[in-house]
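**Q** The structure is given below, and queries will be raised subsequently.
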Amino acid sequence: MSAESQSLVERARGGDPRALARVITAVENRAPQSAQLLRALFPHSGHARIIGLTGAPGAGKSTLVDQLAREYRKQQRTVGIIAVDPTSPFSGGAILGDRIRMQAHHADPGIYIRSMATRGSLGGLAGTTADVATVLDASGRDLVLIETVGVGQDEVDIVRLADVTVVILVPGMGDDVQTIKAGIMEIADIFVINKSDREGAERVEREIRAMQSLAMRRDNWSPPIIKTVATEGTGTVELAKAIAEYETYLAKNGLLLEKRARHWHDRLLEMLRDALLRRVVREQLGEAEITRYAAEVAEHKRDPYSLVEEIVASLGKNDVRH
């Protein structure tokens, strides 16, 4: 590692915001030195509690994250916030920068906020979110709050990263239970009914209770339901307590390491897929060739199944030759 990279790692570990910004930018862009930086930082991670907050658009996630961060700062705990936003189809950047919505924390060195664009990733998270969480963890943050993009039924990726997953619902958004049905019900460690001063909050709570009676969890935890009004700060203390109670439950039953092992099982498979794909593209195919193949498949001159098998088989032959 170069002296410059080593200095960057040391400064990032110390929580220097400029160093963190540079490291995270390198990671997001998959810069040549990013793997080296992550390798150096990983041994210093694993201490932060990763909390994921997810829910449908309009649920007030950003405001709730803002209030939760305030509560943790009152407890003298340091916080990293990763806000994953939709990607602009024109610039590739995040459409809604959550840092705009969290300006009150600008002068607080105990909070570091980073907006990330999904860049086409499905599942509610940017492809490099887990790596950015590792960077913030290694920088000594006590907690890393991850706010997902809010794509509704698809955003279950957060469960593969967070120690604690908070699902945020609001009354009056039409078919409330529909938001819960497809996977969201299973991933929630804590339910939050935000904007609970609105009419219909009790109905949402009844629907959650009814769904809970049908769901089985492997850890036997019964997710609590917390009512909040994030714009007024109501219910934030109760949410922080509920998160702490689940952390205690995980520790008491020896479940945290087991949960993280499951996360790493999925993440290692994902990392292998990404690495193999990059290798295939680098060693076997160029962008021009992929474009040509795509056109041939679109014109039905070739079928994609045989094509993929040929590419994979040729990669294996190259390995034998080397």
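The values are calculated or read from the model by the stated rules, or taken from the named source; none is laboratory data. Keep in mind that this is a model prediction, so the values were computed, not measured. Reconstructed Cβ throughout: ideal geometry from the backbone, glycine too, with neighbour counts over all protein chains shown.
**Q** Evaluate the stretch 79-87: report whether one residue or more is surrounded by fewer than 20 Cβ atoms within 10 Å (Cβ to Cβ) and modelled with pLDDT under 60.
**A** Checked the stretch 79-87: at least one residue is surrounded by fewer than 20 Cβ atoms within 10 Å (Cβ to Cβ) and modelled with pLDDT under 60.
**Q** Still on this structure, please answer the following. Quick check on my filter: what residues within the stretch 1-32 are farther than 12 Å from residue 136 by Cα, free of Cβ contacts under 8 Å to residues at least 60 places away in the same chain and not in a helix (DSSP H, G or I)?
**A** 1, 2, 29, 31, 32, listed by residue number.
**Q** Please enumerate the residues belonging to the stretch 50-84 that are part of a strand (DSSP E or B) and either outside the structural domain of residue 146 (by TED's automatic domain parsing) or under 19 Å from residue 108 (Cβ atoms) (or both).
**A** Matches in the stretch 50-84: 51, 79, 80, 81, 82, 83.
**Q** Considering (1) assigned to a loop (DSSP other than H, G, I, E, B); (2) in contact with a helix residue (DSSP H, G or I) (Cβ under 6 Å, 6 or more places away or on another chain); (3) not hydroxyl-bearing (Ser, Thr, Tyr), say which one residue 240 fails and leave the rest.
**A** With (1) assigned to a loop (DSSP other than H, G, I, E, B); (2) in contact with a helix residue (DSSP H, G or I) (Cβ under 6 Å, 6 or more places away or on another chain); (3) not hydroxyl-bearing (Ser, Thr, Tyr) applied to residue 240, the lone miss is (1).
**Q** Also, I was wondering about something else. Which residue pairs have Cβ atoms closer than 9 Å, lie 6 or more positions apart in sequence or on different chains, and pair a first residue in the stretch 238-253 that is assigned by TED's automatic domain parsing to the domain that holds residue 227 with a second residue that is among the hydroxyl-bearing types (Ser, Thr, Tyr) and surrounded by 20 or more Cβ atoms within 10 Å (Cβ to Cβ)?
**A** As it stands, the answer is 238/228; 239/228; 240/72, since those pairs meet every condition given.
**Q** Based on what the data block shows, is residue 316 modelled with pLDDT under 85 and either under 30 Å from residue 219 (Cβ atoms) or not hydrophobic (A, V, I, L, M, F, W, C) (or both)?
**A** yes
**Q** Of all residues in the stretch 136-160, count the ones that are modelled with pLDDT of 75 or more, more than 22 Å from residue 67 (Cβ to Cβ) and not hydroxyl-bearing (Ser, Thr, Tyr).
**A** Going through the stretch 136-160 one residue at a time, the tally reaches 4.
**Q** Right, next: Looking at the stretch 172-198 only, could you name the residues that are crowded, with 19+ Cβ neighbours inside 10 Å, modelled with pLDDT of 90 or more and assigned to a loop (DSSP other than H, G, I, E, B)?
**A** 189, 194, 195, 196, listed by residue number.
**Q** Could you look through the stretch 212-237, keep only residues that are modelled with pLDDT of 90 or more and in a helix (DSSP H, G or I), and pick out the one that is farthest from the chain's Cα centre (by Cα)?
**A** 232
**Q** Checking the conditions here, which among 289, 258, 247, 309 is among the charged types (D, E, K, R), in a helix (DSSP H, G or I) and surrounded by 14 or more Cβ atoms within 10 Å (Cβ to Cβ)?
**A** 247
**Q** So if I check each of 210, 188, 215, which one is hydrophobic (A, V, I, L, M, F, W, C), under 30 Å from residue 70 (Cβ atoms) and assigned by TED's automatic domain parsing to the domain that holds residue 169?
**A** One residue alone meets the criteria, 188.
**Q** Pull out all pairs, ordered by first then second residue, where Cβ-Cβ is under 9 Å, the residues are six or more apart or on different chains, the first lies in the stretch 277-297 and is closer than 16 Å to residue 310 by Cβ, and the second is modelled with pLDDT of 85 or more and basic (Lys, Arg).
**A** Within 9 Å, the pairs are 293/302; 296/302.
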